[in-house]
1. Could you please report the charge total around E52, scoring K, R as +1 and D, E as -1 over all other residues with beta-carbon less than 14 angstrom from its beta-carbon?
2. A 19 angstrom limit on the alpha carbon distance is what I want to check against. Which of K75/K178; K178/K201; K3/K212; K178/K234; K3/K41; K16/K229 exceed it?
3. Taking neighbour Cβ counts within 10 Å as the exposure measure, how do E217, E175, E155, E64 sort from fewest upward?
4. So how tilted is helix 170-183 from the main axis of the chain? Cα-based, degrees 0 to 90, rounded to 10.
5. Rounded if a/c is under 1.5, else prolate if a/b beats b/c, else oblate: with a ≥ b ≥ c from the C-alpha gyration tensor eigenvalues square-rooted, which is region 156-241?
6. Alpha carbon centre of region 135-209 versus region 54-91: separation in Å?
7. Hey, fewest Cβ within 10 Å first, where do F44, F236 land in order?
8. Counting Lys and Arg as +1 and Asp and Glu as -1, what is the net charge of the other residues whose Cβ lies under 12 Å from the Cβ of L241?
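What follows draws every value from the coordinates through simple rules; no lab data is involved. Everything numeric in this text was worked out from a predicted model, so none of it was measured. Here Cβ is always computed from backbone atoms with ideal geometry, including for glycine, and neighbour counts include all displayed protein chains.
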Amino acid sequence: MIKVEHLYKNYSDKIKVLKDISFTFEDGKTYAIIGSSGGGKSTFIRCLNMLEEPTSGTITLDDEVVNSPSTDLTKIREKMGMVFQNFNLFSHMDVKKNVAYALMKVKGMDETSAYKKAIELLGNVGLSHRVDSYPHQLSGGEKQRVAIARALAMEPEVLLCDEPTSALDPEMTTEVLKVLKGLSHTGLTMIVVTHEMNFAKEVADYILYMDKGQIVECSTPEEFFTNAKTERAKQFISNML
Ligand SMILES: Nc1ncnc2c1ncn2[C@@H]1O[C@H](COP(=O)(O)OP(=O)(O)O)[C@@H](O)[C@H]1O
Ligand SMILES: [Mg+2]
């Protein structure tokens, strides 16, 4: 469980982004975070694993305060994997090494086991034939699937995804969303910032609608798309559909 309490994030005195967010993410559920650009979605999920440091408030993962100076951030990021819009692969490493690297460095696995595990994980995302390629030889959809395999290698409890398909064309979007959909049934907690309304509708257990640095609404997809609670959400939906 991730418990967020009174989270504020200011980038400066003038740029105050997150405004008193309190929310609890339950284990094993899939959350889609939607909302207009600039509303603070990226800032919010980056605060969850301390890629951005909250200005105030607390984030707790399994009873451990994430944003405390004594917290081991490597451990936290092992538990909370992240997938970015622009993949962030290591360009000088082939695909299998991209996945094996953290298994050796972070999990302390020996090389043979790490590569064996990497190849298995890449098989799970449909990339068995690509393990020897370098990132520049892959399509965007393939790159993103490598990034997902790499995040899963840490056996995280939580997978954070920040617009994982927004750099992809529709066909590649479909293949990446299929992988994420498969993961949503595995007990992993997923928090996915997305503009893909069909994904939000079909896969998410809950939709969080964010606007101007706040979670305006949390609903099931059914409630959200048929009977949103707030005018702001209704307006957003009508602009999206
Ligand atoms: N590193 C940063 N420094 C200053 N301002 C930032 C930074 N990152 C984001 N912002 C600002 O914070 C606001 C929210 O941005 P962001 O969290 O990226 O929103 P979203 O992901 O919903 O589009 C925007 O006004 C953006 O310009
Ligand atoms: Mg963003």
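1. Details: positive: K9, K16, K41, R46, R77; negative: E53, D162.
Overall, the nearby charge balance is +3.
2. The pairs that break the limit, which is 19 Å between Cα atoms, are K75/K178; K3/K212; K178/K234; K16/K229.
3. On the way: E217 21, E175 18, E155 11, E64 14.
Neighbour counts put them in this order, fewest first: E155, E64, E175, E217.
4. The answer is roughly 90 degrees.
5. In terms of gyration-tensor shape, prolate.
6. 18 Å
7. Sorted ascending by nearby Cβ count, the order is F236, F44.
8. Working: positive: K201, K234; negative: none.
Once positives and negatives cancel, what remains is +2.
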